[in-house]
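Engineer: Pasting a structure below so you can have a look.
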């Protein structure tokens with residue numbers, strides 16, 4: 001019988017010979033909520049998760065679709081609530097402190113570092129220098145004791161290359177001849193490789209433009225396809241008008257926006273699922289928006305006349321009009337969904353153990 005291969009010696013030698021290389025798996029253990037339960041579910045597979053540290057997430061959409069609201073608002077606020085330090089890179093010169101305060105973002109230097117940077121090269125230098133210092137300071141620190149950091153870039157689409165600046169100064173606006181997509185690709189690829197084994201993540205926003213392909217009507221993300229391959233999560237967003245008041249009644253007035261979010265890429269759930277997230281002007285994002293439609297599509301809420309019915313695990317029937325499904329009732333469905341998933345996972349593990 002052939003002798004089993006002993007990888008311990010080989011593992012030790014390559015760890016010493018390749019600086020900065022890590023061995024083994026590192027699944028995400030820190031998740032940051034997007035501020036909407038349905039969007040969390042579509043991205044991560046669970047209502048209470050969201051976007052992970054250690055990965056790159058991109059929210060892309062047209063102007064006013066809610067990209068900055070989610071990325072620079074909700075995600076930053078929820079990251080700070082978990083003790084995660086945020087480096088906020090503003091290339092649009094659009095993130096005012098008053099607006100961030102309205103979204104409950106803590107702008108004190110202990111919680112947030114806000115940088116106004118317009119050049120891709122400068123952003124790359126900032127991230128590179130940060131990672132060198134992070135590895136020097138915390139390279140020997142156990143994973144659970146390392147500080148957690150989130151980079152937020154708003155936005156990739158507004159960043160420039162040296163060619164852009166040089167041509168502007170000369171009054172010769174020919175375009176950068178494809179240099180920007182290559183630079184963005186290099187920025188995201190290097191960030192992915194540097195962040196992967198640390199408690200560090202990146203969230204970026206980007207712009208979209210209308211598709212010219214009649215067979216592929218989805219909006220296209222600017223900046224080329226390279227950084228999309230490197231990203232773990234890509235969410236495409238469109239702006240729709242919210243013509244429903246606080247009581248759920250349809251009106252002719254616009255009370256906010258409906259951010260139509262389509263998960264184009266995710267490593268943690270099924271891609272190409274969508275949700276419309278309501279963001280009223282008066283109250284901000286509704287974390288429960290989209291849940292009724294999601295549960296209806298999954299067959300958990302069943303139409304009964306002009307109402308929707310749900311059968312709880314205890315056998316109780318809950319019947320309400322669509323607009324009367326309150327957060328308390330939706331919490332019941334979410335909790336029972338989570339319990340069913342835990343039972344399925346436990347049953348699956350027991351089957352595997354019995355086969356072994």
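No lab work stands behind these numbers, since they all come straight from the coordinates. None of the values given here were measured: they were computed from a predicted structure. As a convention, Cβ positions derive from the backbone with ideal geometry for all residues, glycine included, and neighbour counts pool all protein chains shown.
Engineer: Any idea how far the Cα center of segment 129-185 sits from the one of segment 62-78, in Å?
Structural biologist: 20 Å
Engineer: Within the chain, what percent of beta bridges assigned by DSSP are antiparallel, to the nearest 5?
Structural biologist: On the way: 29 of 57 bridges.
The answer is about 50 percent antiparallel.
Engineer: Could you compute the FRET efficiency for residue 216 and residue 276, with r as their C-beta to C-beta distance and R0 at 25 Å, rounded to 0.05? Don't skip to the end; give the middle numbers.
Structural biologist: Numbers: r = 21 Å, r/R0 = 0.86.
About 0.70, to the nearest 0.05.
Engineer: Taking the chain as a Gaussian network, where each spring joins two C-alpha atoms under 10 Å apart, which residue of 96, 172, 27 fluctuates the most?
Structural biologist: Fluctuation is largest for 172.
Engineer: What does the helix-only formula give at 222 nm for the chain: each DSSP H stretch with n ≥ 4 adding -39500 (n - 2.57), the total divided by the residues, and the result rounded to the nearest 500 deg cm²/dmol? Walk me through the numbers before you get to the answer.
Structural biologist: Working: 10 runs with 116 residues, N = 356.
Dividing the helical sum by the residues of the chain leaves -10000 deg cm²/dmol.
Engineer: List 126, 221 from most exposed to least, where exposure is judged by having the fewest other Cβ atoms within 10 Å.
Structural biologist: Working: 126 16, 221 22.
Ordered from fewest to most neighbouring Cβ atoms within 10 Å, 126, 221 come out as 126, 221.
Engineer: Please compute the modelled spin-label separation between residue 319 and residue 8, points set 7 Å along Cα→Cβ, answer in nm with one decimal.
Structural biologist: Simple spin-label model gives 6.7 nm for this pair.
Engineer: Still on this structure, I have one more. Hey, in the GNM for the chain with a 10 angstrom Cα cutoff, which one of 11, 238, 26 fluctuates hardest?
Structural biologist: Greatest mean-square fluctuation among the candidates belongs to 11.
Engineer: Based on the Cβ-Cβ distance of residue 209 and residue 92, what FRET efficiency does E = 1/(1 + (r/R0)^6) give at R0 = 25 Å, to the nearest 0.05?
Structural biologist: On the way: r = 17 Å, r/R0 = 0.67.
It comes to 0.90.
Engineer: Taking the structure as given and computing semi-axes √(5λ) of the Cα gyration tensor in Å, which label from (i) 36, 31, 19; (ii) 95, 16, 13; (iii) 55, 24, 19 fits?
Structural biologist: (i)
Engineer: Between residue 165 and residue 144, what's the calculated FRET efficiency when r is the beta-carbon distance and R0 is 30 Å? Round to 0.05. It would help to have the intermediate numbers written out before the result.
Structural biologist: Working: r = 43 Å, r/R0 = 1.44.
That gives a FRET efficiency of 0.10.
Engineer: Same structure again: If each of residue 116 and residue 101 carries a label point 7 Å out from its Cα toward its Cβ, how far apart are those two points in nm?
Structural biologist: Placing both labels 7 Å along Cα→Cβ, they lie 1.8 nm apart.
Engineer: Taking the Cα centroid of segment 22-41 and of segment 187-264, what is the distance between the two, rounded to the nearest whole Å?
Structural biologist: Cα centres, segment 22-41 to segment 187-264: 17 Å.
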